1. What are the lysines whose alpha-carbon lies under 25 Å from the alpha-carbon of Lys130, with same-chain residues fewer than 8 places away excluded?
2. Amide H of Phe5 versus every other amide H placed in the peptide plane: which residues, excluding those fewer than 5 positions away on the same chain, fall under 5 Å?
3. Toward the positive end of the charge dipole of the chain, about the Cα centre and with charges on Cβ (Lys, Arg +1; Asp, Glu -1), which of Ala202, Tyr52, Trp349 goes farthest?
4. Could you give log10 I(q)/I(0) at q = 0.13, 0.15, 0.17, 0.21 Å⁻¹ for the range 130-253, computed by the Debye formula over C-alpha point scatterers of equal weight, without solvent?
5. Can you list residues whose amide H is under 5 Å from Phe65's amide H, if they're 5+ apart or on another chain and H is modeled 1.01 Å from N?
6. Give the Debye-formula value of log10 I(q)/I(0) at each listed q (0.11, 0.19, 0.23, 0.25 Å⁻¹), with one equal scatterer per alpha carbon of the range 278-383, two decimals each.
7. Treating the angle as unsigned and between 0 and 90°, give the value, to the nearest 10°, between the Cα long axis of helix 440-452 and the longest Cα principal axis of the chain.
8. Enter the Cα centre distance for the pair the range 200-252 and the range 356-411, rounded to the nearest angstrom.
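Just so it is clear, none of the values below were taken in a lab; they were calculated from the coordinates. Predicted model only: the values in this text are computed from it and were never measured. Here Cβ is always computed from backbone atoms with ideal geometry, including for glycine, and neighbour counts include all displayed protein chains.
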Amino acid sequence: MKILFAAAEIFPFAKSGGLADIAYALPKALREEEEDIIVVTPLYRFIDKELYGIRPTGEHFVLGFGGQKYDVEIFTGGTEASKAVFVYNPVLCDRDHLYGPPGEGYEDNDLRFAIFSYAIVELARRHSFKLLHINDWHTALVPMLAHDAGVRVKTVFTIHNLAYQGIFESRCIKRCGIAKRHFNMEELEFFGRVNWMKGGIAHADIVTTVSPSYAVEIQKPEFGCGLDGFLRKHNDRLKGILNGIDTTLFDPATDSSIPVNYDLENIEPKQRCKRDFLKEAGFDMDKYEWPLFIFIGRFTEQKGIELITESASRLAEYPLMLAILGEGEREYRETLERVGEKYPNIKVWFGYDEELSHRMYAAADFLLMPSRFEPCGLNQMIAMRYGTIPVVHAVGGLRDTVHPVFSAAPACGLGFTFEKMDGDSFIEAVDEALSLYGKSSQMHRVREFDMKCDFSIKRCASRYLKLYRSLI
Ligand code: ADP
């Protein structure tokens, strides 16, 4: 099977969130199953070509659409674990950020990702790929463009986050060279504007979401972001496949970003990781015995940041420490800055820092993830791998991966969940976590249980493999 896997971000070259992790881990796991799979991504200006040995392949073509011509040059390179084909065009790639400065989008993102999408179709045509696996709105037009270009391929479209649909003003039709006939309610039209995600749902052979619960939730108005009716209409092609993590990349036994390694047989060094991190973060070392909670993620409405900020004064009165790492919308940044200044037991870091995030997963006792909605979520799986117990809003992929500690039939993994998205329910879950922390042997058992859970991408890969085979 010859598969082209396309994503706008792939770890370690460019990453803003979980999409990059999956675009790294899934093809790698599929390759281990000996599948012939090539990943393709834009060669953004900020990708270190030297570091990753990225070189031109000599392949070069011109894309013509919307009355313009766009030169495309193909590169290849990467790491042993993550080899990729890179598409270079200056409009697409010569930017300081992936999609725009924090919390904003570039005005011409439609044109940028149209160039990427046409390039994917052209690569499929030239190299006779049998199947295209495309991800999120950035590549959602590919099935339709491939069909229009007469390129016969099967397509799998994965929705990693329905909240980002790629919605543009109608002028995008002309600028992106989209045939006018597609601008209708059954394909791209969305309240007078153009919706790329809708195009992907209408034209792909199979649409997947990143967890089974999310596949069900997005068919309801509460989580459907305006597309619930459209998704219900197409639900015979909609399937939820739970994401997983690369257990080599996230492994406390070998992780070189953490001060000391540990594993199930020897969890004790996790305490050293905690001590070192508390020192690094400037927490009061007398409070070492207190549990350490962490939050890592984008500062957006999705992640339920306001539950943390609105509960900050209550959290500050508890015998706990809270470390927050993330970047995102200005409003949240400003509020969090004030919270960090006001309460000595809450520390906040702004920015994206992969190594710091690993030190935090290793150091922490609990992970907070009060997401309003969560397509899958990787943080909770990473946390459990590091023996850090999640406290989550029971929604989407969090519902599929975190089960109440004191449930009658424990399933992988265990943590604290709350059903209602409000401060009291959130604080109740934190209270429960604190009470577990007070019972050290039980706490230890839950830690061990979570570390044993299999959230590896391998399980996810075998499901995708089955899906690919059913199509070809
Ligand atoms: P998202 O909705 O952002 O895709 P996921 O839970 O699916 O959320 O994936 C988030 C990934 O990004 C995890 O690997 C997490 O550790 C990482 N991450 C998020 N924010 C940061 C940050 N500020 N610094 C380092 N890593 C981060």
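1. Straight-distance partners of Lys130: Lys2, Lys28, Lys83, Lys154, Lys198, Lys239, Lys458, Lys466.
2. Here the answer is Ile38, Val39, Val40, His133, since their amide H atoms fall under 5 Å of that of Phe5.
3. Result: Ala202, furthest along the dipole toward the positive end.
4. -0.52, -0.68, -0.84, -1.19
5. Close amide H contacts, sequence-distant or interchain: Tyr70.
6. -0.30, -0.96, -1.46, -1.71
7. That helix lies at roughly 20 degrees to the long axis.
8. Centre-to-centre distance over Cα atoms comes out at 19 Å.
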